Amino acid sequence: MCSRFVLVLASKQTINNQRSGGGMRILGIDPGLRTLGWGVIESNGARLSHVANGLCHSDGDDLGERLLSLHNQVTEIIDAYRPDQAAIEQTFVNKDGAGTLKLGQARGVALLTLAKAGLPTGEYAPNRVKKTVVGVGHAEKEQVLHMVKLQLPGCAPRGADAADALAIAICHAYYGGSNQRQLKEVGA
């Protein structure tokens with residue numbers, strides 16, 4: 001497995017045991033050009049469980065090399081954890097136009113990689129993710145981290161980007177990952 005991404009994993013046997021329950025495995029991605037956060041959860045009815053999470057750091061000096069590095073790392077994560085579905089954060093536009101464009105390029109590579117793997121992918125606005133996980137659309141990163149840990153007992157996110165990716169996967173479990181679980185959106 002690629003040594004460029006940080007990985008949190010119990011054991012292969014634990015992963016296989018979690019999968020045998022018939023649940024849906026969801027890969028959440030928090031896109032970024034320098035650091036891309038990822039998290040894999042299992043959704044089985046009303047139960048959510050943590051499978052793995054980590055960070056992908058792009059390699060290379062030019063943009064093309066960095067994007068290829070992210071593609072290769074996300075491909076390895078998909079191969080290792082075999083998700084059934086995926087979810088990714090939508091791009092938001094801020095005052096730094098160049099930064100937004102670079103984020104969009106990293107997001108595009110992630111979407112292409114997910115599509116190439118044949119994964120149905122949900123896209124969620126940052127405020128929707130926060131409202132789903134925390135209950136407040138403009139929650140702080142610390143609040144997201146706290147609620148991810150509460151909803152996924154035993155989970156130790158490898159940083160804010162990994163926690164955000166897990167939150168995106170949780171959001172997908174509620175809204176797009178299963179007809180068994182639905183939340184009514186109240187004034188998002």
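Here, each number is a calculation from the coordinates, and none is a lab measurement. Remember, it's a predicted structure, so these values are computed and weren't measured experimentally. Positions of Cβ are backbone-derived with ideal geometry, glycine not excepted, and every protein chain shown enters the neighbour counts.
Among the trypsin sites (Lys or Arg not before Pro) in region 34-66, those located in a DSSP loop and surrounded by at most 16 other Cβ atoms within 10 Å of their own Cβ are Arg34. In terms of surrounding Cβ atoms within a 10 Å radius of their Cβ, Leu111, Leu152 rank from fewest to most as Leu111, Leu152.
What list do you get for Lys116, Lys149 if you sort them by fewest beta carbons within 10 Å?
Numbers: Lys116 12, Lys149 16.
Arranged by neighbour count, lowest to highest, Lys116, Lys149 become Lys116, Lys149.
For region 75-143, the equivalent ellipsoid derived from the Cα gyration tensor has semi-axes of 24, 18, 9 Å, listed largest first. Counted by neighbouring Cβ atoms within 10 Å, the residues Leu48, Leu33 run from fewest to most as Leu33, Leu48.
Among the listed pairs Lys95/Lys130; Lys102/Lys130; Lys102/Lys141; Lys116/Lys141, those with a Cα-Cα distance over 28 Å are Lys116/Lys141.
Applied to region 83-89, the Karplus parametrisation 6.51 cos²θ - 1.76 cosθ + 1.60 on θ = phi - 60° returns per-residue 3J(HN,Hα) values of x, 8, 9, 9, 8, 9, 6 Hz, with x for Gly and Pro. Loop-resident GluC sites (Glu not before Pro) (DSSP state other than H, G, I, E or B) in region 85-154 with no more than 15 further Cβ atoms inside 10 Å of their Cβ: Glu140.
When the P(r) is computed for region 5-175, the part past 24 Å accounts for 29% of the Cα-Cα pairs.
Loop-resident chymotrypsin sites (Phe, Trp or Tyr not before Pro) (DSSP state other than H, G, I, E or B) in region 34-128 with no more than 12 further Cβ atoms inside 10 Å of their Cβ: Phe92.
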